[in-house]
1. Based on what the data block shows, is VAL117 outside the structural domain of LEU327 (by TED's automatic domain parsing), touching an Asp or Glu at 6+ places or on another chain (Cβ under 8 Å) and at pLDDT 95 or above?
2. Can you spot a residue in the range 61-68 that is out of contact with any strand residue (DSSP E or B) (no Cβ under 6 Å at 6 or more places or on another chain), buried (at least 18 other Cβ atoms within 10 Å of the Cβ) and on the phi < 0 side of the Ramachandran plot?
3. Does the range 368-380 include one or more residues that are part of a helix (DSSP H, G or I), exposed (fewer than 14 other Cβ atoms within 10 Å of the Cβ) and under 30 Å from the mean Cα position of the chain (by Cα)?
4. Among the numbered criteria (1) at pLDDT 95 or above; (2) in the same structural domain as TRP287 (by TED's automatic domain parsing); (3) not small (Gly, Ala, Ser), which single criterion is violated by GLU207?
5. Could you grab the pairs with beta carbons closer than 9 Å, sequence gap of 6+ or different chains, first residue in the range 402-428 and exposed (fewer than 14 other Cβ atoms within 10 Å of the Cβ), second one modelled with pLDDT under 95 and in a helix (DSSP H, G or I)?
6. Tally the residues that are on the phi > 0 side of the Ramachandran plot and surrounded by 21 or more Cβ atoms within 10 Å (Cβ to Cβ), restricting the search to the range 139-168.
7. Could you please find all residues in the range 297-356 being among the small types (Gly, Ala, Ser), surrounded by fewer than 19 Cβ atoms within 10 Å (Cβ to Cβ) and closer than 21 Å to SER135 by Cα?
Amino acid sequence: MALLSRLHFYLGVFIGPFILLAAVSGTLYVLTPQLENRLYAHLLFTNTPGTPQTLEQQIYAAQRIVGFQTPIIAVRPASGEGHSTRIMFSDPTLKPGENRALFINPVSLDVLGESRVYGTSGILPLRMTISYLHSGTLFGSFGRYYSELAASWLWLAALGGLALRVAHKRKNKNGRPRRHASLGTQLLPLLLFFSATGLTWSQLAGENIAQVRQWLDWRTPALNTALDKTASPVDAHQHHSHHGSDAKTMRNPWPGLFDGILLQAQLNGIEADKLEIRPSLDANHAWTVSEIDRSWPTRINAVAIDPASFKILDRLEFERFPLIAKLIRWGIDAHMGVLFGVVNQLLLALFGVGLCTMIVWGYLMWWRRRPTRVNNVPSLVALWRTLPIGISVSLVIFTAACAVLIPLFGVGLILMLLADSLINRKKR
């Protein structure tokens, strides 16, 4: 247990701050949907009773503001009475995943205003900033790896902490359990859940996990939008895949097509109130109409429609997804706090506060027990050498496999070994 204890200590010192930042930003993210709705109520909601105008008229109202040549990325019709329609346009000055959105009163055709929006979630600037803080993109292209580093080590910190607590309890049967260890044990299932779901859509490990899923035929079904059957299908439901498109390759469609495309989709099983219509980027691809309701029960069916003939070319039905694909979808949506609504938000907020508290308690425990003089604690490598040969070899193989699948696990381990070596050299 000496090796595990030393590693757990280094995890707290080097990885703990990243986990703490991810926990704080994640908690803020799940607590702010209602605040964002209130802050941007003038864009999101209307109080004009009556029959909505056609999408064609609503799009024309938006185009009179942005210009008729500005490429339309997507249209989200009003999801119900009292809600606005969202017309999203390409803007090359925005970050990947962002679009310029105009909000239209579907009854009066008034332009309520405009804002940047992001991804399938459609979040506005307040939560967009928090999301960038959580993912690390707020700190630039390199910063995005901090949250992946946290997820890469969170599972080992959780399981290692549990093993240390069990060992300590066996050794001191009448000893008082530490608050840090007790809280960590209570949070263990969610710690593992957030580590797994965080890695699923991370940058480096996410690509490897996607490759493994492909080998095991656990892929999420993709909507085929190719009209010529030679283009590749696209995944209509990837959370972070809605990047701004190159305006040079796009043709602005006739706004009247949106009404016909929407009607055809609704006649073919698209029933959710929350919808997104995406015109094709070129003449070789179909339009798509997708359900974007990630709350329970999940409604993310989609259809690909030929804009010339209005023929349904392909469809996705969530009910027909493989179980693994469903579990991944539900896991990501639960991670984001949207699957079970307010209950999901409260659970994640409590978890986030608990995780932050556990980390702070861990630092306080270390500070109170810190050595007052230089001690000769063996290095990680020295402790590894004391293990039986079978265990040491197995540990190396397991660690190498983890480093291949989760690259930042390997990077973090190398940095900890270097730091450990420098610390022990300084002591000598």
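The values are calculated or read from the model by the stated rules, or taken from the named source; none is laboratory data. None of the values given here were measured: they were computed from a predicted structure. Virtual Cβ from ideal backbone geometry, glycine too; neighbours counted across all protein chains shown.
1. Values: outside the structural domain of LEU327 (by TED's automatic domain parsing): yes; touching an Asp or Glu at 6+ places or on another chain (Cβ under 8 Å): yes; at pLDDT 95 or above: yes.
Answer is yes for this residue.
2. Filtering the range 61-68 down to residues out of contact with any strand residue (DSSP E or B) (no Cβ under 6 Å at 6 or more places or on another chain) leaves 63-64, 67-68.
If we keep only those that are buried (at least 18 other Cβ atoms within 10 Å of the Cβ) as well, we get 63.
Cutting the leftovers down to on the phi < 0 side of the Ramachandran plot gives us 63.
Yes, the range 61-68 has at least one match.
3. The initial filter retains those residues of the range 368-380 that are part of a helix (DSSP H, G or I), namely 368, 380.
Pick out the ones that are also exposed (fewer than 14 other Cβ atoms within 10 Å of the Cβ) and you get 368.
Subset that is under 30 Å from the mean Cα position of the chain (by Cα): none.
Looking through the range 368-380, none of the residues is part of a helix (DSSP H, G or I), exposed (fewer than 14 other Cβ atoms within 10 Å of the Cβ) and under 30 Å from the mean Cα position of the chain (by Cα).
4. (2)
5. Once the first residue is exposed (fewer than 14 other Cβ atoms within 10 Å of the Cβ) and sits in the range 402-428, its partners that are modelled with pLDDT under 95 and in a helix (DSSP H, G or I) give SER421/LEU380; SER421/VAL381.
6. Quick first cut of the range 139-168, residues on the phi > 0 side of the Ramachandran plot only: 140.
Remaining after also requiring surrounded by 21 or more Cβ atoms within 10 Å (Cβ to Cβ): none.
Residues in the range 139-168 being on the phi > 0 side of the Ramachandran plot and surrounded by 21 or more Cβ atoms within 10 Å (Cβ to Cβ): 0 in total.
7. Initial filter on the range 297-356 (among the small types (Gly, Ala, Ser)): 302, 304, 308-309, 325, 331, 334, 337, 341, 349, 352, 354.
Filter again for surrounded by fewer than 19 Cβ atoms within 10 Å (Cβ to Cβ), leaving 308-309, 325, 331, 341, 349, 354.
If the condition is that a residue be among the small types (Gly, Ala, Ser), surrounded by fewer than 19 Cβ atoms within 10 Å (Cβ to Cβ) and closer than 21 Å to SER135 by Cα, then GLY331, ALA349, GLY354 are the ones that fit.
Matching residues to (1) part of a loop (DSSP other than H, G, I, E, B); (2) of a type outside the set (Lys, Arg):
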residue	(1), (2)
PHE142	yes, yes
SER152	no, yes
LYS169	no, no
LEU183	no, yes
SER202	yes, yes
